[in-house]
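The next block holds one structure in the form of structure tokens; read it before the comments.
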């Protein structure tokens with residue numbers, strides 16, 4: 001494989017920017033060597049996504065030319081990618097992801113919203129879609145409202161689920177009649193029928209065909225909820241990917257040409273590599289990393305308009321993705337204020353500020369979304385807002401990433417839960433191994449310490465958790481690359497994509513102020529020893545660099561738990577990072593900040609000073 005894949009070009013065609021990277025096989029390993037970007041050109045006046053791709057790869061070409069002293073290493077005459085490689089010129093593979101043109105927009109239907117409807121939503125979200133609406137038999141809307149909703153939204157495709165195999169077909173038939181009556185038209189392209197995937201009760205297939213086959217492009221696949229106890233999301237997700245390529249991409253300007261370019265070796269033969277929706281690619285690399293390293297992973301991508309949360313939990317590596325479409329740091333920043341409220345945002349601000357000043361700052365950011373903070377106070381406010389956006393996106397994710405509702409307790413997936421009731425979240429922060437942050441506010445924080453602070457305060461990790469950020473938002477490229485080479489994807493992820501910030505150690509439980517929460521003895525790589533009985537409500541930061549490990553003996557006190565049970569001592573190794581090792585003894589999740597302003601501001605300043613998050617000028 002190393003000989004077949006010596007040089008790879010990968011692009012991510014975003015809604016505003018097309019990002020290109022060059023990955024090369026150097027000294028026995030894969031590394032990301034060059035990066036370029038250009039505005040995406042899917043809209044007028046160019047109406048051709050390949051122009052943006054060529055412009056981004058041209059930047060790669062210019063940087064690679066300096067490296068290799070070769071004017072045509074990636075492009076021929078600045079217009080055509082040299083794939084497959086010809087001698088020393090060109091690349092062995094070209095892969096791409098896309099969220100241009102609004103990404104993949106879907107509606108899903110189910111019989112019971114919290115059962116088959118939710119399973120359909122999980123399948124669509126996992127395939128990288130934005131779910132515009134969920135329509136179910138029991139969602140309390142009148143039939144004419146549901147029909148009008150389908151007509152108004154004009155999704156790229158609809159996923160229909162409902163019923164377990166061998167169950168009643170009545171409600172599934174009713175949903176088919178609603179969709180048929182709506183006679184939905186696709187968002188892109190007027191000359192073809194809307195694709196509809198049916199992944200419900202197999203006994204209802206003939207009814208579905210009779211009702212919909214003449215009106216839509218009907219695709220039938222395996223039931224995604226064959227029994228109450230089991231989800232089978234894979235076939236539905238595969239069909240969504242196929243239809244994304246065949247229908248949505250075919251209609252988007254320039255994608256036909258781009259699809260003919262994407263090529264790479266599969267089982268020793270050169271084949272076209274399907275373009276993947278950007279969120280699906282991020283989910284793919286998350287699952288690849290979780291599977292290869294046998295760890296549980298939680299990732300977040302906070303953007304200007306939406307916040308995506310990805311997770312892989314339990315021994316079965318159950319993958320979930322949620323999109324908080326109303327939580328973002330520019331276009332949707334006012335929605336964060338409306339969701340969290342002024343009080344919850346200001347509780348993270350270590351100085352006094354008038355409410356109207358905060359509101360003005362938020363409105364200015366919304367109407368000028370590309371601006372960045374000019375003053376230190378504005379940066380602190382923006383990061384306080386980010387904490388609440390991340391916190392609420394994570395709450396929504398935990399509510400969605402659950403065991404199967406309506407199921408009897410079975411041996412298997414439900415063994416991940418301590419309680420026997422169905423519908424419990426599978427997100428267990430105590431067992432989480434790696435927390436990855438992405439998006440401008442996290443990846444481009446002026447100090448990496450600020451990224452650590454935002455992630456710890458928003459996600460409240462428990463036990464022992466490694467923290468990292470995506471250096472340049474490379475995860476989509478690596479997600480689609482994993483389709484042809486997991487080795488290349490995981491090596492670049494580990495060495496160039498992820499910036500390890502360090503490890504958070506957080507004993508959990510109620511503690512009394514002033515009493516010892518954690519007795520720690522940590523031998524650091526430089527030979528020094530940190531030994532302290534840390535009181536409840538404190539933060540400590542220890543220097544421990546990237547690639548370094550510290551030997552630690554940790555004993556939680558006062559009934560606190562660090563992963564092995566209350567008051568149970570553990571001996572372990574803690575990974576370092578660009579920030580280091582954080583010991584967080586604030587205990588209960590979520591912890592309560594004092595109501596008294598002076599007391600709260602004093603605590604915040606102490607914590608921020610300990611984490612070295614901001615200059616002393618703002619913490620005086």
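Matching residues to (1) closer than 19 Å to residue 305 by Cβ; (2) at pLDDT below 95:
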| residue | (1), (2) |
| --- | --- |
| 352 | no, yes |
| 362 | yes, yes |
| 366 | yes, yes |
| 369 | yes, yes |
| 372 | yes, yes |
| 383 | yes, no |
| 387 | yes, no |
| 403 | no, yes |
| 409 | no, yes |
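Looking at the range 302-334, which of its residues are part of a loop (DSSP other than H, G, I, E, B) and under 27 Å from residue 133 (Cβ atoms)? Reasoning before the result, please.
Initially, the range 302-334 is screened for residues part of a loop (DSSP other than H, G, I, E, B), giving 303-306, 314-317, 325-332.
If the condition is that a residue be part of a loop (DSSP other than H, G, I, E, B) and under 27 Å from residue 133 (Cβ atoms), then 303, 304, 305, 306, 325, 326, 327, 328, 329, 330, 331, 332 are the ones that fit.
Taking the range 19-37 as the range and being free of Cβ contacts under 8 Å to residues at least 40 places away in the same chain and within 23 Å of the chain's Cα centre (by Cα) as the test, the residues that pass are 36, 37.
Name the residues in the range 109-136 that are farther than 22 Å from residue 312 by Cβ and touching a strand residue (DSSP E or B) at 6+ places or on another chain (Cβ under 8 Å), would you?
Start the filter on the range 109-136 by keeping residues that are farther than 22 Å from residue 312 by Cβ, which leaves 109-117, 132-136.
Result: 109, 110, 111, 112, 113, 116, 117, 132, 133, 134, 135, 136.
Taking the conditions (1) surrounded by fewer than 21 Cβ atoms within 10 Å (Cβ to Cβ); (2) farther than 30 Å from residue 253 by Cα; (3) in contact with a helix residue (DSSP H, G or I) (Cβ under 6 Å, 6 or more places away or on another chain) in turn, residue 180 satisfies each one other than (2).
Give, as residue ranges, the strands (runs of 3 or more DSSP E) completely inside the range 203-281 that count at least 1 residues that are without any contact (Cβ under 8 Å) to a residue 60 or more places away in the chain and farther than 23 Å from residue 478 by Cα. Reasoning before the result, please.
Working: elements: 217-220, 263-266, 269-272.
Output list reads 217-220.
Taken as a whole, the condition of being surrounded by 21 or more Cβ atoms within 10 Å (Cβ to Cβ) and either assigned by TED's automatic domain parsing to the domain that holds residue 238 or under 24 Å from the mean Cα position of the chain (by Cα) (or both) applies to residue 125.
Tell me, which residue of the range 71-90 that is free of Cβ contacts under 8 Å to residues at least 40 places away in the same chain and in contact with a helix residue (DSSP H, G or I) (Cβ under 7 Å, 6 or more places away or on another chain) is nearest to residue 51 (Cα to Cα)?
Residues of the range 71-90 that are free of Cβ contacts under 8 Å to residues at least 40 places away in the same chain, as a first pass: 71-73, 75-80, 82, 86-89.
The next check asks that each one be in contact with a helix residue (DSSP H, G or I) (Cβ under 7 Å, 6 or more places away or on another chain); those that pass are 71, 73, 75, 78-79.
Working: 71: 20, 73: 19, 75: 13, 78: 11, 79: 9 Å.
Among them, the one singled out is 79.
Of all the residues in the range 82-108, those that are in a strand (DSSP E or B) and in contact with a strand residue (DSSP E or B) (Cβ under 6 Å, 6 or more places away or on another chain) number 11.
Just one of the numbered conditions (1) at pLDDT below 95; (2) closer than 25 Å to residue 194 by Cβ; (3) assigned by TED's automatic domain parsing to the domain that holds residue 168 is not true of residue 49: (3). The numbered conditions (1) free of Cβ contacts under 8 Å to residues at least 40 places away in the same chain; (2) touching a strand residue (DSSP E or B) at 6+ places or on another chain (Cβ under 7 Å); (3) closer than 26 Å to residue 320 by Cα are all true for residue 157 except (1).
Restricting attention to the range 335-379, the residues that are assigned to a loop (DSSP other than H, G, I, E, B) and either closer than 23 Å to residue 612 by Cβ or in contact (Cβ under 8 Å) with a residue 40 or more places away in the chain (or both) total 13.
The set of residues from the range 551-577 being surrounded by fewer than 17 Cβ atoms within 10 Å (Cβ to Cβ) and not in a strand (DSSP E or B) comprises 559, 564, 565, 567, 568, 569.
When 307, 322, 339 are checked against the criterion of being assigned by TED's automatic domain parsing to the domain that holds residue 464, in contact with a strand residue (DSSP E or B) (Cβ under 7 Å, 6 or more places away or on another chain) and closer than 30 Å to residue 601 by Cβ, a single residue qualifies: 307. Look at (1) under 21 Å from the mean Cα position of the chain (by Cα); (2) modelled with pLDDT under 95 and you find that residue 113 fails only one, number (1). With a requirement of 1 or more residues that are more than 30 Å from residue 375 (Cβ to Cβ), the helices (runs of 4 or more DSSP H) lying completely within the range 440-550 that satisfy it span 475-481, 486-492.
Consider the range 264-296. How many of its residues are over 22 Å from the mean Cα position of the chain (by Cα) and buried (at least 20 other Cβ atoms within 10 Å of the Cβ)?
Step one: filter the range 264-296 for residues over 22 Å from the mean Cα position of the chain (by Cα), giving 264-273.
Among the residues that remain, those that are also buried (at least 20 other Cβ atoms within 10 Å of the Cβ) are: 264, 273.
Matching residues across the range 264-296 total 2.
Against the definition (in contact (Cβ under 8 Å) with a residue 12 or more places away in the chain, more than 17 Å from residue 243 (Cα to Cα) and assigned to a helix (DSSP H, G or I)), how does residue 164 come out, yes or no? For residue 164, the condition - in contact (Cβ under 8 Å) with a residue 12 or more places away in the chain, more than 17 Å from residue 243 (Cα to Cα) and assigned to a helix (DSSP H, G or I) - is not met. When the range 57-75 is limited to residues that are part of a loop (DSSP other than H, G, I, E, B) and closer than 14 Å to residue 9 by Cα, the one that is modelled with the lowest pLDDT turns out to be 73.
With respect to residue 11, determine if the residue is in contact with a helix residue (DSSP H, G or I) (Cβ under 6 Å, 6 or more places away or on another chain), under 29 Å from residue 251 (Cβ atoms), at pLDDT below 90 and not in a helix (DSSP H, G or I).
Numbers: in contact with a helix residue (DSSP H, G or I) (Cβ under 6 Å, 6 or more places away or on another chain): yes; under 29 Å from residue 251 (Cβ atoms): yes; at pLDDT below 90: no; not in a helix (DSSP H, G or I): yes.
The answer is no for residue 11.
Annotation: residue 334 fulfils all but one of (1) surrounded by fewer than 20 Cβ atoms within 10 Å (Cβ to Cβ); (2) under 22 Å from residue 240 (Cα atoms); the unmet one is (2).
The values are calculated or read from the model by the stated rules, or taken from the named source; none is laboratory data. Small disclaimer: the values here were computed from a predicted structure and weren't measured. Heads up, the Cβs are rebuilt from the backbone with ideal geometry, glycines too, and the neighbour counts pull from every protein chain shown.
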